[in-house]
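Below you'll find the structure, written out as structure tokens, and then a few comments.
The values are calculated or read from the model by the stated rules, or taken from the named source; none is laboratory data. Note that the structure is a prediction, hence the values are computed from the model and not measured. Cβ atoms come from the backbone with ideal geometry, glycine included; neighbour counts cover every protein chain shown.
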Amino acid sequence: MADGLTNICTWWQESQCKVRILRFLYVSVCECWPLPDSEPVMYGEVQSPQYPHPYPSNLLKQWDLSVPEGYQIRLTFTHLDIEASAGCYYDALTVLYDEKVLGKFCGQENSADGRHPGNQPIFSLSNRLTLILQTDDNNPERHQNVGFSAHYQAKDIDECSRPEPGDGPLCSQICLNTLGSYLCSCHHGYELRSDQRTCVLSCHGGIFDEPEGHLSSPGYPHAPPHAVSCQYIISVEPGFTVSLNFSDKFQIESVDTHQGQTCLHHWLEVTIPENEPVKLCGGQSPGLITTNSNTVRLEYHTDDDGQSNGWSLDYSTHRVKCPFPGNLPKGRVTPVLTEYFYRDYIYVRCDQGYKLMMDDQEIDSFSAMCQNNGQWHLPLPECRIIDCGEPEALLNGGLTFLSGFQNQYRSVVQYHCNEPFYSLLGDVNVSFTCEADRRWRSNHDVIVTPTCIPVCGKPTTLISAYQRIIGGKEAPDNTIPWQVLLNIDGGRGGGMIIADRWVMTAAHNLIHNGQKVPIQTVRIFMGSTDVKYIMNSPVNADSIHVHPGYNNPNDLDFNNDVALIKMEQQITFNSSVMPVCLPAEGATYVTGLMGLVSGFGVTDRNGTRILTNKLKYVQIPVVSQETCRDSINLLKRTKKTPLPTLSDNMFCAGVPEGGKDSCQGDSGGPYALDENGRFWAAGIVSWGVDCGKPGKYGVYTRVMNYVDWIKKTMEEN
């Protein structure tokens with residue numbers, strides 16, 4: 001390199017000149033003392049002096065490039081700008097290999113004169129290359145040329161593909177190119193001599209693990225020059241079996257005896273695991289031998305006497321076969337093949353409505369692989385019918401299986417409500433089917449979950465005759481199931497059930513001294529006509545809602561005398577507990593229409609008024625507003641005392657001769673009208689003067705006027 005790397009630049013002189021430069025890339029360097037020989041580099045850069053500035057005149061500069069032996073040099077110019085002349089007579093860069101000129105260059109790229117190397121690399125014939133730059137003194141300053149810049153790198157020489165030298169091929173049989181050199185190898189049955197180039201007959205056998213291959217005896221198809229004893233082992237990976245296919249030319253010396261042909265001195269012994277070895281000899285080819293094993297041992301033996309031309313075979317491998325997986329009830333095995341081999345996979349999919357089960361556990365998917373021992377690595381799973389689980393329970397109702405059982409796929413259930421106390425919303429028979437996605441789906445698109453709504457106003461036992469409350473008759477069980485008894489801070493009042501958590505009563509029952517009574521003082525009793533039985537199971541109030549328009553500080557204004565009590569717990573309706581209906585849209589109060597009044601209030605016994613512990617009832621008619629108003633105005637004139645005023649939110653009921661009326665303790669109780677066998681809450685016992693006296697009537701809150709407020713309050717709370 002560059003006159004043997006004769007010098008290096010100034011800044012290296014101060015600190016590094018004494019350090020051995022192992023991989024110095026630049027060839028042109030500055031002054032310094034000579035360096036010892038360095039390890040050949042694999043690449044480097046060469047530039048003309050002063051590049052990229054113009055090169056000097058009268059210059060003769062030489063670069064000796066070298067790379068490790070076994071490589072050639074590839075030289076590539078990145079720029080070349082040398083004064084152009086015909087034949088590069090004046091200035092020129094010459095590239096040589098062992099004094100043989102590989103190229104002489106000058107000019108610029110695309111210039112008319114000179115010879116430019118372009119972008120094509122230059123290759124040396126071995127690991128050395130020389131560059132010589134020569135310039136004259138005729139280089140006008142206006143045409144200054146900057147010289148050249150080039151990269152070089154080591155490139156492996158493929159010795160095996162080069163023309164044979166005069167003394168014969170590099171390798172007598174097989175040549176293997178390596179980085180920087182080459183290796184010789186031999187065919188089977190031969191070994192490399194000490195010259196590492198030529199091969200001689202040998203017989204050391206070996207292990208063959210490729211999936212297919214070729215074997216032959218030493219010297220085949222000719223007899224070996226001396227006795228041989230060879231062993232060959234074919235051993236492929238488990239899961240494959242080996243087949244031996246002998247060529248037709250097969251000749252191993254045999255001896256004829258009275259027992260037949262015997263392999264006495266020469267033989268080829270084939271050994272398969274778990275089988276007796278078999279000796280082959282004679283002139284007849286064994287043809288194809290299927291071993292059903294992944295390992296086969298061949299032992300070839302001859303002595304110095306006799307002559308055996310030997311044998312040749314090709315071996316191949318085949319995958320181990322697995323048994324047919326079989327059929328799966330309610331499922332399918334894929335892919336469907338005529339035969340299954342090692343590493344084949346099968347998959348199982350169940351029919352719609354069935355699930356994969358293995359070891360009593362449900363699995364998401366199943367696959368099995370054919371193993372190298374010819375068995376599937378997993379047994380087939382089962383396909384069991386899916387179940388949708390218990391259908392959603394229906395509050396106050398139940399269900400019946402129409403088809404199927406145990407909630408299985410395609411089972412059909414039909415919901416029903418606990419009649420006669422509940423009915424299905426919309427009176428639609430709703431059935432649900434167990435689908436493949438394990439959900440119960442309705443036969444009606446609009447119904448997600450059925451709902452049982454309470455049946456209102458239809459007691460299971462009807463009253464055959466009606467009597468007065470004042471001295472009236474006791475109500476039979478289950479005839480007025482909406483009636484409740486209120487105990488409010490020790491006082492008694494009435495009310496009626498209108499929903500499974502709601503009781504309607506009079507507002508004045510829940511307002512004392514202008515304030516709502518404390519919620520903890522309110523107790524609700526229901527379910528019997530006898531007070532002593534219902535007192536054992538009170539229901540607590542959760543909230544109280546008095547109509548916002550009720551304002552009665554002096555007990556003279558009973559307008560808007562309506563209130564709702566929400567119970568803490570939802571109640572289940574039965575024969576003794578059932579709601580009364582709210583007025584339907586357009587309901588009317590027809591004068592003379594008989595209504596049913598009930599309560600646990602004051603009753604008359606032999607001229608004495610006492611508080612009853614039995615539910616009483618009476619049937620009294622609706623009185624016209626004019627008759628009621630005249631009665632109240634007459635009382636105002638005769639009594640000379642202030643009395644409440646009748647509003648359009650009230651109505652009267654009773655008979656002019658008296659004897660039938662509601663009274664104290666009945667306040668908040670129901671006045672129910674019967675329409676086609678269904679009772680609806682027409683009124684709430686509100687106020688009156690002199691219970692049951694002639695010419696006097698009971699006054700009731702007209703419930704029809706408050707239906708919107710009632711529904712809104714229940715929905716919002």
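Among the conditions (1) in a loop (DSSP other than H, G, I, E, B); (2) surrounded by fewer than 18 Cβ atoms within 10 Å (Cβ to Cβ), the only one that TYR533 does not satisfy is (1). Scanning segment 244-258 for residues that are of a type in the set (Asp, Glu), loosely packed, with under 14 Cβ neighbours inside 10 Å and outside any strand (DSSP E or B) turns up just one, ASP248.
Only one of (1) in a loop (DSSP other than H, G, I, E, B); (2) in contact (Cβ under 8 Å) with a residue 12 or more places away in the chain fails for THR241. Which number is that? Condition (1) is where THR241 drops out. Within segment 631-643, residues that are over 18 Å from PRO656 (Cβ atoms) have Cβ atoms under 9 Å from residues that are among the hydrophobic types (A, V, I, L, M, F, W, C) and part of a helix (DSSP H, G or I) in these pairs: THR641/LEU635; LEU643/ILE632; LEU643/LEU635, counting only partners at least 6 apart in sequence or on another chain. Within segment 425-450, the set of residues being modelled with pLDDT of 90 or more and closer than 30 Å to ASN478 by Cβ is empty.
Of CYS434, CYS383, CYS370, all but one fail to be in contact with a Phe, Trp or Tyr (Cβ under 7 Å, 6 or more places away or on another chain) and under 30 Å from PHE240 (Cβ atoms); the exception is CYS370. The condition (being assigned by TED's automatic domain parsing to the domain that holds LEU313, modelled with pLDDT of 90 or more, hydroxyl-bearing (Ser, Thr, Tyr) and within 16 Å of ASP304 (Cα to Cα)) is satisfied by just one residue among SER235, SER285, SER247, SER254: SER254. Taking the criterion of being more than 18 Å from MET496 (Cβ to Cβ) and not in a loop (DSSP other than H, G, I, E, B), the residues of segment 508-518 that qualify are ILE511, HIS512, GLN515, LYS516. The set of residues in segment 143-171 that are in a loop (DSSP other than H, G, I, E, B) and modelled with pLDDT under 80 comprises ARG162, PRO163, GLU164, PRO165, GLY166, ASP167, GLY168, PRO169. Which one of these does LYS712 not meet: (1) over 21 Å from ASN552 (Cα atoms); (2) in contact (Cβ under 8 Å) with a residue 40 or more places away in the chain; (3) surrounded by fewer than 21 Cβ atoms within 10 Å (Cβ to Cβ)? Unmet for LYS712, out of (1) over 21 Å from ASN552 (Cα atoms); (2) in contact (Cβ under 8 Å) with a residue 40 or more places away in the chain; (3) surrounded by fewer than 21 Cβ atoms within 10 Å (Cβ to Cβ): (2).
Based on this model, can you work out whether GLU299 counts as acidic (Asp, Glu) and not in a loop (DSSP other than H, G, I, E, B)?
yes
Pairs meeting the criteria (first residue in segment 102-130 and farther than 15 Å from ASP91 by Cβ, second residue not in a strand (DSSP E or B), beta carbons under 6 Å, at least 6 apart or on different chains) are GLU109/HIS116; ASN127/VAL67; ASN127/GLU69. Is at least one residue of segment 535-551 of a type in the set (S, T, N, Q) and closer than 19 Å to SER686 by Cα? Yes, segment 535-551 has at least one match. Within segment 69-102, being loosely packed, with under 14 Cβ neighbours inside 10 Å, outside any helix (DSSP H, G or I) and either on the phi < 0 side of the Ramachandran plot or in contact with an Asp or Glu (Cβ under 6 Å, 6 or more places away or on another chain) (or both) holds for GLU69, THR76, THR78, TYR89, LYS100, VAL101.
For segment 619-634, the set of residues classified as farther than 13 Å from GLY592 by Cα and either buried (at least 17 other Cβ atoms within 10 Å of the Cβ) or not assigned by TED's automatic domain parsing to the domain that holds THR701 (or both) consists of SER631, ILE632, listed by residue number. Filtered by the rule that a residue be free of Cβ contacts under 8 Å to residues at least 60 places away in the same chain, of a type outside the set (Lys, Arg) and within 27 Å of PRO553 (Cβ to Cβ), segment 612-629 gives a lone residue, GLN625.
Just checking, does segment 560-583 include any residue being at pLDDT 90 or above and over 30 Å from VAL531 (Cβ atoms)?
As a first pass, look at segment 560-583 and keep what is at pLDDT 90 or above: 560-583.
Subset that is over 30 Å from VAL531 (Cβ atoms): none.
Taking every residue of segment 560-583 in turn, none turns out to be at pLDDT 90 or above and over 30 Å from VAL531 (Cβ atoms).
Among the residues of segment 360-392, the ones that are touching a residue at least 60 places away in the same chain (Cβ under 8 Å) and under 21 Å from GLN408 (Cβ atoms) come to 0 in all. Listed by first and then second residue, the pairs with beta-carbon distance under 9 Å, at least 6 apart or on different chains, first residue in segment 672-683 and closer than 9 Å to CYS581 by Cα, second charged (D, E, K, R) and outside any strand (DSSP E or B), are ARG678/LYS458; PHE679/LYS458.
Filtering segment 395-453 to residues that are of a type in the set (Phe, Trp, Tyr), more than 18 Å from THR572 (Cβ to Cβ) and outside any loop (DSSP other than H, G, I, E, B) leaves PHE401, PHE432, TRP440.
May I ask you to verify whether GLY683 is part of a loop (DSSP other than H, G, I, E, B), among the small types (Gly, Ala, Ser), closer than 23 Å to LYS458 by Cα and at pLDDT 90 or above?
Values: part of a loop (DSSP other than H, G, I, E, B): no; among the small types (Gly, Ala, Ser): yes; closer than 23 Å to LYS458 by Cα: yes; at pLDDT 90 or above: yes.
Spelling it out, it is not the case that GLY683 is part of a loop (DSSP other than H, G, I, E, B), among the small types (Gly, Ala, Ser), closer than 23 Å to LYS458 by Cα and at pLDDT 90 or above.
Annotation: of all residues in segment 635-651 being at pLDDT below 90 and assigned to a loop (DSSP other than H, G, I, E, B), the one that is surrounded by the most Cβ atoms within 10 Å (Cβ to Cβ) is LEU643.
Strands (runs of 3 or more DSSP E) wholly in segment 325-383 with at least 1 residues that are of a type in the set (Gly, Ala, Ser) and closer than 25 Å to VAL236 by Cα - which ones?
Working: elements: 331-334, 345-350, 354-358, 367-369.
In segment 325-383, the matching strands (runs of 3 or more DSSP E) lie at 367-369.
Just checking, which of GLU392, GLU419, GLU382 is surrounded by fewer than 17 Cβ atoms within 10 Å (Cβ to Cβ) and at pLDDT 90 or above?
Numbers: GLU392 fails: at pLDDT 90 or above; GLU382 fails: surrounded by fewer than 17 Cβ atoms within 10 Å (Cβ to Cβ).
Result of the check over GLU392, GLU419, GLU382: GLU419.
Listed here are the residues, each with its yes/no results for (1) in contact (Cβ under 8 Å) with a residue 24 or more places away in the chain; (2) in contact with a Cys (Cβ under 7 Å, 6 or more places away or on another chain); (3) part of a helix (DSSP H, G or I); (4) not assigned by TED's automatic domain parsing to the domain that holds GLY698.
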| site | (1), (2), (3), (4) |
| --- | --- |
| VAL484 | yes, no, no, no |
| GLY494 | yes, no, no, no |
| ILE497 | yes, no, no, no |
| VAL503 | yes, no, no, no |
| GLN520 | no, no, yes, no |
| ILE544 | yes, no, no, no |
| PRO548 | no, no, no, no |
| ASN551 | no, no, no, no |
| ASP555 | yes, no, no, no |
